[in-house]
Amino acid sequence: MVNPWLLLLVPLLPALGAAINGFRAFWWPKTPKNRAITNAIAIGSTALSALLAAYSVLSYVRGGTEHAFQHVYYSWIPAGIGQVTGGFISNFGIDFAFRLDPLSCTMLLIVTWVGCLIHIYATGYMSHDTGYTRFFTYLNLFMFMMLLLVLGANYMVMFVGWEGVGLCSYLLIGFYYDKNFAAEAGKKAFIANRVGDFGFILGIFLIFNTFGTSDYGRVFAQITAHGHAYAGVATAICLLLFVGACGKSAQIPLYVWLPDAMAGPTPVSALIHAATMVTAGVYMVVRSNALFRLSPTAMAVVAIIGAVTAIFAASIGLVQNDIKKVLAYSTVSQLGFMFLAAGVGAFTAAIFHVMTHAFFKACLFLGAGSVIHGCGGEQDMRKMGGLREYMPKTHATMLLATIAISGIPPLAGFFSKDEILGNAFGYSIPLWLIAVVAATFTAFYMFRLYYMTFRGKYRGAHVEGIEESEPKHAGHDLIGSHTHLDQGDQHSDKGHGHHDDVHLPHESPASMTGVLWILAILSVIGGLVGFPTGLFGGAKETIFQRWLEPILVPIGDHHFHFHEASKSTEVVLILVSIGVAVFGIALARRWYFSDPSWSTPKRLGTNFSFIHQVLENKYYVDEIYNATAIGGTVKLARALSWFDANILDGLVNLVRHITVIVLGHGSSMFDKYVVDGAVNGVGAGAREGSSALRRMQSGFVQNYALVMGGGIVLLAAVYMFTKA
Amino acid sequence: MNLTPLLEAHWINAILPELVLCIGGMFLILFDAFAPKARSLTGPIAVVIFILCAWSQRFVAVGTFFGGTYEVGGITRVFDITFVLAGILCTLLSADYLEREGITGGEFYALLMWGTVGMMMMAKGLDLLIIILGLELLSICIFVLLGFQRRLPVSNEASLKYFLMGAFATGFILYGTALFYGATESTNINVMARWFANPDVTITPLLTVAFVLLMAGFGFKLALAPFHPWAPDVYQGAPTPVAGWLSVAPKAATLIALIRIFHAMGPVLPQTKWMTIVAWLAVLSMIIGNSVAIAQRDLKRMLAYSGIAQVGYMTIAMLTINEDAVASIAIYTIVYALMNLGAFGVISMLAKNQNDPQTLDDIAGLGWRRPFHALALAVCMFSLSGLPPTGGFVSKFYIFRTAVQSGHTGIALIGIITSIASVYYYLRVVYYLYMKESAEGQTRIDGGIFATGALAISIIGIFLIGIWPTPLFHAASYAAHLLLAR
């Protein structure tokens, strides 16, 4: 049996860590803090939480995974008392409850263990940052919220975590708040997520309204019991929920914040913006699979948005030169793959890809962080190159992760991506084609990144021969360069063979490379749980599918079936996906390795300058949004404010002119005798301000009276023109 | 002729909290006059008197008093606690504020207490005249408190503006009351309720006029749109703790008075469009409050518009008076007192001339300079925007749930949508606190031990209600049950 109180400790320990470190970081910001204590608290709490999570999962699995384990800690918001309007409506309360089932177990292990590893990595990466303790405060707080999100047994607890991780995300994106663009990026993430949360909270509201509860178990039980009676409302619910997922998981049209979110420190990019938080949308969709399966429309929307995002972001990734930007667009693209999987009904494949992606993308981001760290804050791949010699460990681990994401068997990415492609093929050939092209792009841009960074000759800052043709966003991309440049200098004391005049790259400390190795190994072997045993005469379902099967509840008497294709089709599909990966890799090798002057891509860039421009500027989506949605909203708010402050004046002035004619000097008499008289009564001191008194901030007192009078007219109008 | 004795047994117990505050206020004035050297003690003494008042609730007799004009019950106790809480928070915040602004005078706290008495009368009055009496007692105290900084034009302006507009509003309420009296032949709410319960009653246009006038007057006190324009100017000019108090406590008192009136009208409401009017007021308030607040850079003006929106949410629950509605309003007012006074509290500590606007730039980077105060402001903003796990989320959830269960799904949806939009301007404050470098010549924060204590009460209360609201729910629901069981 799972011990519910140990399970409760899993999120509470990081919360405690955040509280202690937060106290230390904010109350004595000036005093130098002992890093060892910060480390002990931050890593200790997450490591213990990871161990407890593993223990809880083990004890859950030992008790059988057929039924979810659920524990109500207390009734958070009790149901109202006289509300027995029939049936389940009386259950309108919310419990603070946790739920363990194969889905939350999977997410729990990913979040705690990858989170713990990234904490360890960050001790090395952030070692010279002045905001060290503050950073770990936010990171621990994030862990707490993320764990609430995955452990919660109802949509409301999930919502708490959902908002919480969003908050931590903004705080961490804007961590280098003294850099203007970092704060701007935080704001952008915030706004995009607000739009998403609009949908999410309305979806929850609709779930509440339809099922009378937000508890997963009860909602799904009702779907099982009443089957397709909810089909109509399910479409609305699912589309609203999916808007929320688009915001959190950076799908079209709300993906714009994620590339900018790279302004945060790199461990944050790895943990929050690659491995965990951005997959919350996928988790939520898979969690709600019973609802989504009720609505083929919603499923189709999810699949199409996912596929389009996958190819759209991958195409932008083809031409980016900032190492983190490439990875960011890659993340958006991979998230698109996950939604494609969920949309075509392969919910287990979606979660499988969440898992493998967490391994290899965390490894890639952390490797990129190591590269940036080693190159003294440089993020432009055109100024890297040849790092294999300087950073052998980073090179080896990143190469493994790059192969994994490209989809070469038997590394992790292959199995999950192949499962998605296979399912997409069964659902719709066009979607499959899009996904295959996106997969080709992925292999290409990832190996482009690899060759530009690690092979060839080092083209660092002091090496001649690279033209300064940085696009105008260059300043935005040099994330935290200031901080890191300082770090680089201090690092040289540690004796990595630096010369004072030439700043050569150096390998990162063991706390960073050790984590890289663990993640690289996971990227290699992590996919084996999804080994298609069916092809070799084994069980039809993979281990991972069987593990997740209990969360796919039946609808009515309609049980969930995994996609099945004939063996020959499957073999062909596998060959295709390996083939496109190899093609992408070969192309990258040919263009960026065999020809060190990169003449082909440069020539293509000039010959097809329009396409190149469009891709380089990310399809001008930011510009379009700024011109339309954001500009429009700002204008609207200003207009309304202006309306409130001025239109009353204008209106009233007009009326006053008429009044003056009609009533002669009545108005001025009012001022003179009533207002001034009152002022005199207030006291001598007031006389100084009596001129200010008459002319109020935004109008005359009479105007307000007039507004009130107008209000009454309005009420009367409402009365006359509405029906009871 | 009904010969009920005017003074029932235990009448003293019925008005014990009011008596404590009345006498306490007089004592403070005398103390101030005869012991001018011990002036710094007036604040702490005021807090003690408020606590005494809360403690005296233990001895309060429940029932109807003074010839059926004064009703003491569970719900009035809940609201008394809100008023006392607002009074204590305001006193704590003022203690340091007044000293810094160079204002002396025990009458400040005395006025606060007497204003609280007025609110208690509004909450307990079972007669429209008693409610108006309480309202006027409250208003007079507010006029003086608003203009307490005699030397500042803005303060005078605020006072005068509130005075003129308040007089106007009271006129409406009185006129409406007179019309109701003409129809129902009584100002007693119970008698009116019996008249409304009569199945043969016809709703004449005159009654509708009376209702509209009443709503206009009370709408002014609540700062409901379109009766809101005074609020931003008055809050901006008022001494900041008073502005916080004004934005909270009188609204609570007005709401409970309206609950009584609406409940009495209950039987005829389905055949009138009166509640449509109220619904429009709520919708307008939510939309105007939330959208205009986005464009504000002055913190007090922003909070004024936010308050307009918040009262719009509370009004949603009034559309159908049932137990959940009353309980949710009671809870919302308590949470609102905590979070809004907390927010005004931090602003009141910005050591800046009252005359100058206190804008977002003044709090830039506060997170690094004064972590506790920044945290308090951030928590209040989270709560105001309704993010879990704060009290603001719980109370807002309760309000919207009540509205949905009563069939006002559309209006609840507008509430939810506008409240999501509101997160933008609330969290912009947090953004300035933690993600902006403080400007040159940064504004200092002057917070003494009392003000800090008030903020601590706010933070703890917000999280306590946010994480474990059950006891409050049960108390409020039970009190609401008793109120409506008659």
Computed over the Cα atoms of the range B:420-485, the Rg and Dmax in Å are 18.7, 61
Per the charge dipole of the range A:4-616 (beta-carbon charges, Lys/Arg positive, Asp/Glu negative, Cα centre), the residue among A:Trp257, A:Leu148, A:Gly217 reaching farthest to the positive end is A:Gly217
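Measuring with a 1.4 Å probe in the full set of protein chains, what accessible area per residue, in whole Å², belongs to the range B:53-193?
Details: 4290 Å² over 141 residues.
On a per-residue basis, 30 Å².
Under a Cβ-Cβ cut-off of 14 Å, what is the net charge of the residues other than B:Leu413 that fall near it, where Lys and Arg count +1 and Asp and Glu count -1?
On the way: positive: B:Lys396, B:Arg401; negative: none.
Its environment carries a net charge of +2.
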For the protein assembly as shown, the convex hull over Cα atoms projects on average to an area in nm² of 50.6 nm²
Bounding extents of the range A:4-616 in its principal axis frame from Cα atoms, largest first in Å, are 79, 63, 43
Heavy-atom accessible area of the range A:4-616 with neighbours in place, 1.4 angstrom probe: carbon+sulfur share in percent works out to 66 percent
Expressed in angstrom and rounded, the centroid-to-centroid distance over alpha carbons for the range A:342-378 and the range B:134-149 is 62 Å
Computed ³J(HN,Hα) along the range B:238-250: with the Karplus parameters 6.51/-1.76/1.60, θ = phi - 60°, integer Hz and x for glycine or proline, the list is 6, x, 4, x, 5, 4, x, 5, 5, 6, 10, 5, x
Taking r as the C-beta separation of B:Ile460 and A:Ala236 and R0 as 41 Å, the FRET efficiency to the nearest 0.05 is 0.55
Surpassing 25 Å at the alpha-carbon level, of the pairs B:Lys161/B:Lys251; A:Lys383/A:Lys602; A:Lys188/A:Lys393; A:Lys187/A:Lys417; A:Lys457/A:Lys618; A:Lys417/A:Lys567, are A:Lys188/A:Lys393; A:Lys187/A:Lys417; A:Lys457/A:Lys618
With x for Gly and Pro, the residue-by-residue ³J(HN,Hα) of the range B:331-340, computed from phi through the Karplus equation 6.51 cos²θ - 1.76 cosθ + 1.60 at θ = phi - 60° and given in whole Hz, is 5, 4, 5, 4, 4, 5, 4, 4, 7, 6
Rounded to the nearest 10 Å², the 1.4 Å probe accessible area of B:Leu303 is 0 Å²
Farthest towards the positive end of the dipole of the range B:4-484, among B:Val326, B:Gly461, B:Leu433 and with Cβ unit charges of +1 on Lys and Arg and -1 on Asp and Glu, lies the Cα of B:Leu433
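Figure the gain on full extension for B:Leu7 and B:Ile51 (residue separation times 0.36 nm, minus the Cα-Cα span) and round it to one decimal in nm. Display every interim value, and only then the final one.
Values: separation 44, 0.36 × 44 = 15.84 nm, distance 2.72 nm.
This chain segment gains 13.1 nm when fully extended.
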Label model pair A:Ile37, A:Tyr619: point-to-point distance (7 angstrom along the Cα→beta-carbon line) in nm is 5.1 nm
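May I ask for the accessible area buried between chains A and B, both sides summed, probe 1.4 Å, to the nearest 100 Å²?
Numbers: alone 30550 and 18260 Å², together 41960 Å².
Chain pair A/B: roughly 6800 Å² of buried accessible area.
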Over the range A:4-616, with neighbouring protein chains present, the accessible area per residue in Å² at probe 1.4 Å is 33 Å²
Magnitude of the Cβ-charge dipole (Lys and Arg +1, Asp and Glu -1) of the protein assembly as shown about the Cα centre, nearest 20 debye, reported as 320 debye
One finds the C-alpha centres of the range A:201-251 and the range B:175-242 to be spaced, in Å, by 41 Å
Kirkwood radius from Cα pairs of the range A:255-369 plugged into Stokes-Einstein at 37 °C, 0.692 mPa s, gives D in µm²/s equal to 234 µm²/s
Among the range A:241-258, those whose backbone N falls under 15 Å of a label point 7 Å along Cα→Cβ from A:Ala629 are A:242-258
Per residue convex hull volume, Cα only, the range B:4-484, in Å³ is 127 Å³
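The values are calculated or read from the model by the stated rules, or taken from the named source; none is laboratory data. None of the values given here were measured: they were computed from a predicted structure. All Cβ positions, glycine included, derive from the backbone under ideal geometry; neighbour counts span all protein chains shown. In case anyone asks, the SASA skips ligands and DNA or RNA and just uses the protein heavy atoms, side chains included. Shrake-Rupley method; radii C 1.70, N 1.55, O 1.52, S 1.80 Å.
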